[in-house]
Amino acid sequence: MENAGNGNKKLRSWDDLKKLRAGEMAKNGEKRTVLLVGMATCGVAAGARDVSEALAAEIKKQGLKNIDITATGCYGFCYAEPMVEVRVPGKNAVRYGHVDKDLAGEIVRRHLMRGEVLDKYVLTQEVTRP
Amino acid sequence: MSDNYGQVRIALRNCGVIDPEKIGDYIAQGGYDALAKAIFEMTPAEIIDTVKKSGLRGRGGAGFPTGLKWELSGKSEGDEKYVMCNADEGDPGAFMDRSILEGDPHSVLEAMVICGRAIGARQGIIYIRAEYPLAVKRLQKAIGEAEELGLLGDDILGSGFDFGIRLYLGAGAFVCGEETSLMNSVQGGRGEPRIKPPFPAQAGLWKKPTNINNVETYANVCRIILNGWEWFRQFGTEKSPGTKVFALAGKVNNVGLVEVPMGMPLRHIIEVIGGGIQNGRKLKAVQTGGPSGGCIPEEHMDTPVDYESLVALGSIMGSGGMIVLDEDDCMVNIAQFYLKFTAEESCGKCTPCRIGNRRLLEILEKITTGGGAEKDMIDLDELGNIVRDCSLCGLGQSSPNPVLSTLKYFRDEYLVHVNDKRCPSKRCTALLRYFIMPEKCIGCTVCARNCPVSCISGERKKTHVIDQARCIKCNTCYEKCPVNAITKE
């Protein structure tokens, strides 16, 4: 239960829930870069597991720190899977489509290390959330 | 560059945004606040009233008002009631529910607990197909995490309210998407429907009052509770408020999931959000609602998408499958494809569906193999209407839709099949004949060497010939010929 934030403790009230939320939001507010990999059936079928492993391998190889690789669901662009969304604190989230192992390496080397957006592979830049 | 093109994400709000296997991610997005609000600030009657006023209608296809369903289950007498979620998504080409369960399982769990609170139930069951292993895994993980935090199980959030959810894996029968069949299946019986009434709200699972909704319906509930019914009504139309998720598939450029406000014209969904038709081909029709729906021709593409408009066109909203067809698709062939599916999936309990669909399919097979006559079209229409009017459950009541709608809108195509024994879209293989064009053939022998039945003869560097009597129309020569010397007509 490391994911839940507060161990095995059951929430006993609405306030407990609010406190847990505040903790989770503070965690998200930390200055960490997040790579979101689409891991619904559509993504997995298109090879998202390989992409996720390639990202992790390249990050390790380059010795980068404070980068999380997270699985997520389907954003709806099934035709463009595997997808990787790069969230760098203070920057627009960038979503790449048709990512393969090679492109995964490039995303780490160019986008994460040099701040260069790989325009050719960008699906969307600003994420709208209602 | 914008990524929505008029889309509004309510049911899909967290899909592709959070990690579905971390309850903390869901909670950070405001998760389980709707449940807390429903438990601590609202009475069951107020919850039902909010859902009623929101105008939310069943997203599984029929469009029954959700609030009314909750009210009926709430009013039914009984200390034991059930909340069920229908995740038996069986339409070919539809994957909305799978994506919601894989991308945001907690939104469905939370809404089921709210429903339990509203109608006075303490047990929830999700009926999900075993063919969705990833969705099952994520749901199990989500249930486990919610239980550990006391958001499911006994004494939720210290309120004294108990509610547990378990999964039931369906074996993949299409008819089990029908609610009474689904309940029979959970009880260990055959997946067969029964006559309604009594409706599940009065006597459902184990003859107890049961509220059953579709995955996407539940996925809308938490936002309605949190933001209020007025907020929800700002989207969509007067009679069909809110949004609908569609699985866009077929000959469209951007295959995927879209969530649009009700009332958006079909053309906008296909041409703007879907990015138009592949390879610059022309749009011919859109098939909505899967095997229970119909084909809507190009001239009706400006129809707004809502429950009533689609029914008026002879199709249905259905669970949200939307298959785009272009000029290379044969409408008779499409009707045959869907009917083959429903004829195989018919449970066999009632005669109109069991035998009627089989006869409909036989007539279609006759037409697509060159044995049809104009009389067959009259028979299709008459029999289709009988099956629709006399079948016991929704499967048979809707299975003739693909046939009836294509007969109505694409009559000419049927006529070419029955009169000229020809398929204009070159899809009905039995009606095709393959020829080698002498002026193009270079005598390379590739076709002859690849033909699986060795029916192509000819010497090297000389024109080859196909023996029509032995040709099985497998299309191999057409694909292999290096100079495109093979033609089919």
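Since every read-out is calculated from the coordinates, none of them should be taken as a lab result. Note that this is a predicted model, so its numbers are computed, not measured. Heads up, the Cβs are rebuilt from the backbone with ideal geometry, glycines too, and the neighbour counts pull from every protein chain shown.
Values for this structure:
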{"read-out": "Normalised contact order of segment B:1-85, rounded percent, pairs of Cα under 8 Å and 6 or more residues apart", "value": "14 percent"}
{"read-out": "Estimated [θ] at 222 nm from DSSP helical runs (n ≥ 4, -39500 (n - 2.57)) normalised by residues in the protein assembly as shown, nearest 500", "value": "-10500 deg cm²/dmol"}
{"read-out": "Separation of alpha-carbon centers, segment B:207-268 and segment A:84-108, rounded to whole Å", "value": "30 Å"}
{"read-out": "Mean-position separation - Cα centroids, segment A:19-68 and segment B:423-462, in angstrom", "value": "53 Å"}
{"read-out": "DSSP-defined beta bridges in the protein assembly as shown - what % are antiparallel, rounded to 5", "value": "55 percent"}
{"read-out": "Dipole of segment B:200-252, positive direction: furthest Cα of B:Ala219, B:Pro241, B:Leu205, with charges on the beta-carbon", "value": "B:Leu205"}
{"read-out": "Size of electric dipole in chain B: Cβ of Lys, Arg +1 and of Asp, Glu -1, about Cα centre, debye, nearest 20", "value": "1600 debye"}
{"read-out": "Violating pairs (Cα-Cα greater than 20 angstrom) within the set B:Lys53/B:Lys244; A:Lys65/A:Lys91; B:Lys366/B:Lys421; A:Lys18/A:Lys65; B:Lys239/B:Lys284; B:Lys282/B:Lys480", "value": "A:Lys18/A:Lys65; B:Lys239/B:Lys284; B:Lys282/B:Lys480"}
{"read-out": "J(HN,Hα) series, segment B:11-16, from Karplus relation 6.51 cos²θ - 1.76 cosθ + 1.60, nearest Hz, glycine and proline x", "value": "5, 9, 3, 9, 6, x"}
{"read-out": "D_trans [Stokes-Einstein, Kirkwood Rh over alpha-carbon pairs] for segment B:347-420, 25 °C, 0.890 mPa s, µm² s⁻¹", "value": "199 µm²/s"}
{"read-out": "Using θ = phi - 60° and Karplus 6.51 cos²θ - 1.76 cosθ + 1.60, couplings along segment B:468-476 (whole Hz; Gly, Pro as x)", "value": "4, 5, 9, 5, 9, 6, 8, 6, 4"}
{"read-out": "Evaluated over the protein assembly as shown, the Cα radius of gyration and Dmax, each in Å", "value": "26.9, 88"}
{"read-out": "Those trypsin sites (Lys or Arg not before Pro) in segment B:447-484 that DSSP places in a loop and that have at most 10 other beta carbons within 10 Å", "value": "B:Arg460, B:Lys461"}
{"read-out": "Amide hydrogen neighbours beyond the local backbone of B:Ile125, cut-off 5 Å, H modeled", "value": "B:Val83, B:Met84, B:Cys85, B:Arg166"}
{"read-out": "Cα long-axis angle, helix A:48-62 against chain A (0 to 90 degrees, to the nearest 10)", "value": "90 degrees"}
{"read-out": "Other-chain or far-sequence residues with amide H under 5 Å of B:Cys295's (modelled H)", "value": "B:Ser405, B:Thr406"}
{"read-out": "Segment A:1-125, Rg to Rh (Cα coordinates; Rh as Kirkwood inverse mean 1/r)", "value": "1.03"}
{"read-out": "Dipole moment magnitude, nearest 20 debye, segment B:243-326 about Cα centre, only Lys, Arg, Asp, Glu C-beta charged", "value": "280 debye"}
{"read-out": "Dipole magnitude (debye, nearest 20) for the protein assembly as shown, charges at Cβ of Lys, Arg, Asp, Glu", "value": "1060 debye"}
{"read-out": "Dipole-positive endmost among A:Leu112, A:Gly97, A:Met25 within chain A (Cβ charges, Cα centre)", "value": "A:Met25"}
{"read-out": "Modelled FRET efficiency - R0 25 Å, A:Arg12 with B:Glu41, Cβ distances, 0.05 increments", "value": "0.90"}
{"read-out": "Proximal charge balance of B:Trp231 [Cβ under 12 Å; K/R count +1, D/E count -1]", "value": "+2"}
{"read-out": "Peptide A:23-35, shielding by other chains (average Cβ, 10 Å cutoff)", "value": "2"}
{"read-out": "Separation of alpha-carbon centers, segment B:471-489 and segment B:331-402, rounded to whole Å", "value": "33 Å"}
{"read-out": "Percentage relative contact order, segment B:284-406, counting C-alpha pairs under 8 Å, at least six apart", "value": "32 percent"}
{"read-out": "Relative contact order (%) - criterion: Cα under 8 Å, at least six apart; region: segment B:243-326", "value": "37 percent"}
{"read-out": "Shape call, segment B:292-421: gyration tensor on alpha carbons, a/c limit 1.5", "value": "oblate"}
{"read-out": "Shielding score for B:142-152, defined as the mean number of other chain Cβ atoms within 10 Å", "value": "3"}
{"read-out": "For segment B:249-263, Karplus couplings with θ = phi - 60° (6.51, -1.76, 1.60), whole Hz, Gly/Pro x", "value": "9, x, 8, 9, 5, 9, 5, x, 9, 10, 10, 10, x, 4, x"}
{"read-out": "Cα gyration tensor shape of chain B, rounded if a/c is under 1.5, else prolate or oblate by comparing a/b with b/c", "value": "prolate"}
{"read-out": "Given charges at Cβ of Lys, Arg, Asp, Glu: chain B dipole, positive-most of B:His106, B:Gly250, B:Thr487", "value": "B:Thr487"}
{"read-out": "Qualifying trypsin sites (Lys or Arg not before Pro) in segment B:236-282, DSSP loop, other Cβ atoms within 10 Å at most 11", "value": "B:Lys282"}
{"read-out": "Under 5 Å, built H, 5+ apart or other chain: amide partners of A:Thr33", "value": "A:Asp68"}
{"read-out": "In degrees, nearest ten, helix A:14-29 long axis to first principal axis of chain A (Cα)", "value": "30 degrees"}
